[in-house]
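Have a look at the structure below before the remarks.
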Amino acid sequence: MSSRSVRAGGERIPLARPSIGDGEISAAERALRSGRLSMGPEGIRFEQHLAERCARSHAVCVSSGTVALELAFRAMGLGPGERVLIPAFGFPAAAHAVISVGATPVPIDADPNLWTVDLQDAERAWKPGTRLLLSIDALGAVAPSAALSSWASARSVSWINDAACGLGGIDEDGAPAGSGGTLATLSFHPRKVVTTGEGGAVVCDDEDLAERLRQLRNLGQLGGGRFGCVATNARLAEASAAVGSAQCARLPAMLNERGMLAEGYRRRLAPARDAGRLYW
């Protein structure tokens, strides 16, 4: 089975189709005609939308969801020899990002009902000196914020939430995706609900962390021609940010459509589930 699609009756069915309309096309054209193609008002507007949706104080847009994780780890000071507990059920980009900063990913099981961190297995893998717990909102199943926060706090472990697939969702207590953890990361890849083509973001409540992230995405620049650290270029283009804002405006309608489709699948697959041929 392809990682991107499956075949049914000879037709290739994609895991997800991006929903792009006239609003997104007009927004991209507006940004392109403005002459300001990077680090401008479109990016600021998109970040405001994301911070509001995730119930956070800050959002910092970057060039991809993987880069969002890498910069989040760097902002937290994660480095060589440090252990990161990470669910084995998830896209490998998260583990790649851990390795990219020299840290060690420690795989743990995922809860079969929640599709995210199995805290019993996290307890087995945890040992003094474990630096960080990374949760993953696999396929949009939002990690339980209260339980993860309590577990991490009791063991003096930082918690970062990879909410790449979660934007627009809520956890079992109604907390929005991206609202939990010291930091949370988002992705806007074409198979995400909100897409900018490529892109990502880090959301948080700590102003110092947010400022550190802004430096890390912009070659370490402090302003006025000064540079504060060695960093990379992870800026999101203005046209992409404009598309993201247009997507955010349509997010309630897109979520409603996906909910209707999901309910249709549940109804049609119920006989197979009841016969024991399908599990969910």
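The values are calculated or read from the model by the stated rules, or taken from the named source; none is laboratory data. All values reported here derive from a predicted model rather than from experimental measurement. Don't worry about glycine lacking a Cβ; one is built from the backbone with ideal geometry, like all the others, and counts go over all protein chains shown. Quick note on the areas: whole protein, heavy atoms, side chains included, nothing else; ligands and nucleic acids left out. Shrake-Rupley method; radii C 1.70, N 1.55, O 1.52, S 1.80 Å.
The table for this structure:
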read-out	value
Residue list for segment 37-81, restricted to those being charged (D, E, K, R), touching a Leu at 6+ places or on another chain (Cβ under 7 Å) and over 17 Å from GLU207 (Cα atoms)	ARG53
Tally, over segment 224-279, of residues that are more than 30 Å from GLY23 (Cα to Cα) and surrounded by 10 or more Cβ atoms within 10 Å (Cβ to Cβ)	12
Condition check for VAL67: among the aliphatic types (A, V, I, L, M) and over 17 Å from GLY181 (Cβ atoms)	yes
Members of segment 90-115 that are touching a residue at least 24 places away in the same chain (Cβ under 8 Å) and over 22 Å from LEU71 (Cβ atoms)	ALA110, LEU114, TRP115
Enumerated strands (runs of 3 or more DSSP E) restricted to segment 155-206, each holding at least 1 residues that are under 21 Å from LEU114 (Cα atoms)	158-162, 183-187
Among (1) open to solvent by 20 Å² or more (accessible area, probe 1.4 Å); (2) among the hydroxyl-bearing types (Ser, Thr, Tyr); (3) more than 21 Å from MET76 (Cβ to Cβ), the one test that SER158 misses	(3)
Pairs, first without any contact (Cβ under 8 Å) to a residue 24 or more places away in the chain and under 25 Å from ALA231 (Cβ atoms) in segment 73-89, second open to solvent by less than 50 Å² (accessible area, probe 1.4 Å) and part of a loop (DSSP other than H, G, I, E, B), C-beta under 6 Å, six or more apart	PRO80/GLY102
Unique residue being free of Cβ contacts under 8 Å to residues at least 60 places away in the same chain, of a type outside the set (S, T, N, Q) and open to solvent by 30 Å² or more (accessible area, probe 1.4 Å) when the list is TRP151, TRP126	TRP126
